[in-house]
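A.B. asks: After the structure tokens below, expect a handful of questions from me.
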Ligand code: HEM
């Protein structure tokens, strides 16, 4: 069961992180250059259909993996051992991702216009960096990079 969850976790990671890298490295620069809100919105609305389920699968499978590695929830935020530290980093990254997503939805997207694309870029870029950090922290469980 652990390996099944790990499979879905990795599948979700390819979609979440891969999609954001495509958005930040190719779609966003073109939209900023051409001041084309529609191009960006079209990608976002197509990507959302698979990106949001992928994030939900990440969270569910990630919580399952964490619970299997460390069944005592009170130890998750202790920072006392490498596994609890890495789980805490994942949850902190998730919190930052949510804060940026909520801010974009409530404050930036309603006012989006060709002249007002930069604030959205300031959200897309950090969310992409966070998505890569998710992978880095994830790989650290087995590689020990952050131990
Ligand atoms: C978009 C969000 C996320 C991405 C892109 C992501 C990515 C990854 C990657 C690439 C791995 C390495 C898997 C391997 O060992 O081969 C991993 C492992 C792991 N992730 Fe995530 N992760 C995300 C969210 C979460 C969340 C929210 C949690 C739970 C708090 C979590 C918990 C774990 C755990 C416990 C492992 C270790 C699995 C193992 O090595 O056996 N992840 N993650």
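A.B. asks: Being in contact with a helix residue (DSSP H, G or I) (Cβ under 8 Å, 6 or more places away or on another chain) and either at pLDDT 95 or above or not in a helix (DSSP H, G or I) (or both) is the filter here, so list the residues in the range 85-102 that pass it.
C.D. replies: At the first step, the residues of the range 85-102 found to be in contact with a helix residue (DSSP H, G or I) (Cβ under 8 Å, 6 or more places away or on another chain) are 86-87, 89-90, 93-94, 96-97, 100-101.
Matches in the range 85-102: 86, 87, 89, 90, 93, 94, 96, 97, 100.
A.B. asks: Residue by residue through the range 77-93, note down the ones that are within 8 Å of the ligand (Cβ to nearest atom) and without any contact (Cβ under 8 Å) to a residue 60 or more places away in the chain.
C.D. replies: Answer for the range 77-93, where residues must be within 8 Å of the ligand (Cβ to nearest atom) and without any contact (Cβ under 8 Å) to a residue 60 or more places away in the chain: 83, 87, 90, 91, 93.
A.B. asks: What is the residue count in the range 26-40 for residues that are touching a residue at least 12 places away in the same chain (Cβ under 8 Å) and at negative phi?
C.D. replies: The number of residues fulfilling the criteria is 8.
A.B. asks: Continuing with this model, one more query. Which one of these does residue 63 not meet: (1) assigned to a helix (DSSP H, G or I); (2) more than 20 Å from residue 15 (Cα to Cα)?
C.D. replies: Condition (2) is where residue 63 drops out.
A.B. asks: Then there's this: Based on this model, can you work out whether residue 129 counts as closer than 21 Å to residue 27 by Cβ and near the ligand (Cβ under 9 Å from one of its atoms)? So that I can check it myself, show each step before the final result.
C.D. replies: On the way: closer than 21 Å to residue 27 by Cβ: yes; near the ligand (Cβ under 9 Å from one of its atoms): no.
No.
A.B. asks: Only one of 24, 54 is within 9 Å of the ligand (Cβ to nearest atom) and either closer than 21 Å to residue 105 by Cα or touching a helix residue (DSSP H, G or I) at 6+ places or on another chain (Cβ under 9 Å) (or both). Can you tell me which? Full working, then the answer.
C.D. replies: Working: 24 fails: within 9 Å of the ligand (Cβ to nearest atom).
From the options 24, 54, the qualifying one is 54.
A.B. asks: Give the residue, chosen from 120, 106, that is part of a helix (DSSP H, G or I), more than 16 Å from the ligand (Cβ to nearest atom) and surrounded by 13 or more Cβ atoms within 10 Å (Cβ to Cβ).
C.D. replies: From the options 120, 106, the qualifying one is 120.
A.B. asks: List the number of the failed condition for residue 12; all other conditions in (1) in a helix (DSSP H, G or I); (2) farther than 23 Å from residue 132 by Cβ; (3) in contact with a helix residue (DSSP H, G or I) (Cβ under 8 Å, 6 or more places away or on another chain) hold.
C.D. replies: Condition (2) is where residue 12 drops out.
The values are calculated or read from the model by the stated rules, or taken from the named source; none is laboratory data. Model, not experiment: these values are computed from the prediction. Cβ: placed from backbone, ideal geometry, glycine included. Neighbour counts: every protein chain shown.
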